[in-house]
Amino acid sequence: MPSILHCMDCGRQYPTNAVAYTCETCGGLLDVQHDLDALRGMVTHELFDQRLGSLDAPYNSGVWRYKELIYPDIDPAAIISRPEGNTNLYHTPKLAAWAGVRTLYLKHEGENPTGSFKDRGMTGGLTQARLLGMERVACASTGNTSASLAAYAAFGGLRGIVLFQNKQIALGKLSQAIAYGATCIRIAADFDRNLELVREMSSALGIYVLNSVNPFRLEGQKSIVFELTQQLRWQVPDWIVCPGGNLGNSSAFGKALYELHQLGLIDRLPRLAIIQAEGSNPLYRAYQHGFEHFAPIKAETIASAIKIGNPVNYPKAVRALRWTDGVVEQVSDQEILDAKALIDAQGIGCEPASGCSLAGARKLVAAGVIKPHETVVGVLTGHVLKDPDVTIGYHENTLEGTSAAYPNQIHTAEPTLEALRQILLNEAAPSLTPKQQDEHRVS
Ligand code: F0G
C-alpha cells in the first residue's frame, strides 16, 4: 500500500498528492503514514549499514539513507538534497560529569548544510513541494527555518518566502536567508502570529507551507533518531533530550521511535525529555496538570529560536511523550546560557536553544528523574555561529537579566611581549566550576 496522509484525530485519510497540513473534517494534524506491515522484514540494520559512507545520491544523505522510512515510494531523481545529516555524535565525559550521568552524547544537528536540524526536514518538504508542482514555498520563522528554506528553495529552483519578527532574529540566520535569495519579510508580530499569517497567505495565494505543520518535514526530521541509533550500533540510549519550541522535532522523534519499535529495529523505547525555556513554556505548563488543557502564552526568552507561545505540533508532542513515557522540563535563560558556554568551551559549540538539552538533562538528574547510571543523548539543534550577539554578550557580560558563570573575557594588550606575558601568566585554565557571580558582574 502506498503511503498516505492520515489525520491523527479522526483518522480521515488523504492521498500524498493532496496539498494539506490539517484535516478538512476536524482540523487535526496530519501524519504521513507508511505501510509498516509491508516494510517489516524489508528494512533491516544491514540495509542501512550497507549505505553508510555511500558516495551516491540519495544514500549519501543522512536522511535518505533511511529512504524506506521517510518516503518509500519516492523516485530518487525527484529528491532535493544538499545532502544533509551525517552529523556527529560526540561522546562528552566532562559534560556527562557536569550533568551527573555516566554517559552523555551530544548529537550535533548544527553540522547540517545550513547549520541546523531544519535541513533534514527541508529536504523532505522541498521534495514534496516539487512533486506537487508548487513554484513557491513559505514559512514563518524564528530564524533557522528561514535559512534552511531559503537555501533548499534556491537549490531546488523554487521561490522561497520567509516571514519573521522585525526584531530579535539572530544575525547568522537573517544573513543566511538574505544571502540565499529568499523574499524576506519583516513583520511587527511575534512568531505565533507570523505562523498564522503564513498559513493564510499560502492558502490564498497557492503557496506551499514549509513550517513543521507540514508532515513531510517531520518525516525528514525523524532521521535524527534513526541516525543516532545507528551510530550507537542500534542500541537505544535511555534518554533523548531536546529543546522544545514549535515541537516539530519532539513530534518527529516520537514517530521515529514508534516506527523503529514497530518494525523490530529497536527492542525498547528510550524516554523523551523535552526542555523548554521558562518564558516560553506552554508545553511544560500543560504537562504540569497531565495535559488536561492547553493555553498559549506570550513567549519570552533569550534563546530566540524557541521563543514560541503557541506550538502548532502540541498534540503530536503529547503523543510522543505518551509513546515514550516522556517528561517535560523547563530551564531559565541563565541555565541555558551557562550550559551553552560549557558546550562551546568543549570545542563543540552550539546556538543558545541547544543549551536546553544539557541544562535540562542536568536538572532532570538533580530531580532524580534521569538516573546517574543512564545513557543520555542530548540534541544540539543549531550551530555556534548562528547567534554571535548572544555569545559575545554572554562573555562580555552585557546581556540583560543574566550573568555569565563561565565567561571567557577578551583581553586588551599593549603591543609588547611583556604585556602578553602578564596576560598568559595570570590566565586560569578553563573550568567547569562557575566563577563567583559577583567576581565578574559588570557594575
Ligand atoms: N533549536 C533551534 C536551533 C531551532 O531553530 C528551533 C526551532 C528549535 C530548537 C525548536 O524546535 O520547533 O521543532 O520544537 N526553530 C524554528 C524556526 C521555530 O523558525 O527556525 P521545534
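The values are calculated or read from the model by the stated rules, or taken from the named source; none is laboratory data. What you see is a predicted model, and the numbers here were worked out from it, not measured in a lab. Please note: Cβ atoms are built from the backbone with ideal geometry, for glycine as well, and neighbour counts cover all protein chains shown. The protein model used for the area step is the full one, side chains on, heavy atoms only, and it has no ligands, DNA or RNA in it. Shrake-Rupley method; radii C 1.70, N 1.55, O 1.52, S 1.80 Å.
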Within region 290-317, residues over 18 Å from residue 169 (Cβ atoms), assigned to a helix (DSSP H, G or I) and within 13 Å of the ligand (Cβ to nearest atom) come out as 314, 316, 317
On the given criteria, is residue 373 modelled with pLDDT of 95 or more and either within 16 Å of the ligand (Cβ to nearest atom) or touching a Phe, Trp or Tyr at 6+ places or on another chain (Cβ under 9 Å) (or both)? no
Applying the selection to region 173-188, what residues are surrounded by fewer than 21 Cβ atoms within 10 Å (Cβ to Cβ) and of a type outside the set (Lys, Arg)? 174, 175, 178, 179, 181, 183, 184, 185, 187, 188
Subset of region 402-423 [surrounded by 14 or more Cβ atoms within 10 Å (Cβ to Cβ) and part of a helix (DSSP H, G or I)]: 422
Could you please give the count of residues in region 236-289 that are away from the ligand (no atom under 16 Å from the Cβ) and open to solvent by less than 20 Å² (accessible area, probe 1.4 Å)? 9
Answer yes or no as to whether residue 399 is on the phi < 0 side of the Ramachandran plot and assigned to a loop (DSSP other than H, G, I, E, B). yes
Suppose we filter region 226-235 for residues that are open to solvent by 10 Å² or more (accessible area, probe 1.4 Å) and in contact with a Phe, Trp or Tyr (Cβ under 7 Å, 6 or more places away or on another chain); how many remain? 1
(1) within 14 Å of the ligand (Cβ to nearest atom); (2) not in a helix (DSSP H, G or I) all hold for residue 343 apart from (2)
In this structure, does residue 186 turn out to be within 22 Å of the chain's Cα centre (by Cα), within 16 Å of the ligand (Cβ to nearest atom) and among the charged types (D, E, K, R)? no
Just need a number here: residues in region 97-134 that are in contact with a strand residue (DSSP E or B) (Cβ under 6 Å, 6 or more places away or on another chain) and either free of Cβ contacts under 8 Å to residues at least 60 places away in the same chain or closer than 17 Å to residue 214 by Cβ (or both). 3
Please list, ordered by residue number, the helices (runs of 4 or more DSSP H) wholly in region 146-260 having 3 or more residues that are in the same structural domain as residue 271 (by TED's automatic domain parsing), in contact with a strand residue (DSSP E or B) (Cβ under 9 Å, 6 or more places away or on another chain) and touching a residue at least 12 places away in the same chain (Cβ under 8 Å). 223-231
Mind listing whichever residues of region 146-165 are open to solvent by 10 Å² or more (accessible area, probe 1.4 Å) and closer than 17 Å to residue 207 by Cα? 154, 156, 157, 158, 159, 161
